[in-house]
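Comments concern the structure below.
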Amino acid sequence: MLSLDPSDIICQGKISLLHRQKLIDEALQSSYEISLGKGLHGNCL
């Protein structure tokens, strides 16, 4: 029977979240913001 160590599970979760955050940050850096109606109607990504 396998034994799960909570510390290992938490560590793996943190690693997964850091990787996903890095991907999100890279995507946001390559995107740009557009002003709608010269900014009168807001902005979109």
- Item | Residues of the stretch 4-33 satisfying the condition of being closer than 30 Å to C44 by Cβ and either of a type in the set (A, V, I, L, M) or touching a Lys or Arg at 6+ places or on another chain (Cβ under 6 Å) (or both) | L17, L18, L23, I24, A27, L28
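In the list S16, S31, S3, S7, which residue meets the criterion of being at negative phi, hydroxyl-bearing (S, T, Y), more than 13 Å from the chain's Cα centre (by Cα) and in a helix (DSSP H, G or I)?
Every option except S7 fails the conditions.
Given S7, S31, S3, which one is exposed (fewer than 10 other Cβ atoms within 10 Å of the Cβ), in contact (Cβ under 8 Å) with a residue 12 or more places away in the chain and out of contact with any strand residue (DSSP E or B) (no Cβ under 8 Å at 6 or more places or on another chain)? Spell out the reasoning first.
Details: S7 fails: in contact (Cβ under 8 Å) with a residue 12 or more places away in the chain; S3 fails: in contact (Cβ under 8 Å) with a residue 12 or more places away in the chain.
The match here is S31.
No value in this document is a laboratory result; all are computed from the given coordinates. This is a predicted model, so every value here is computed, not measured. Positions of Cβ are generated from backbone atoms using ideal geometry, with glycine treated the same way; all protein chains shown enter the neighbour counts.
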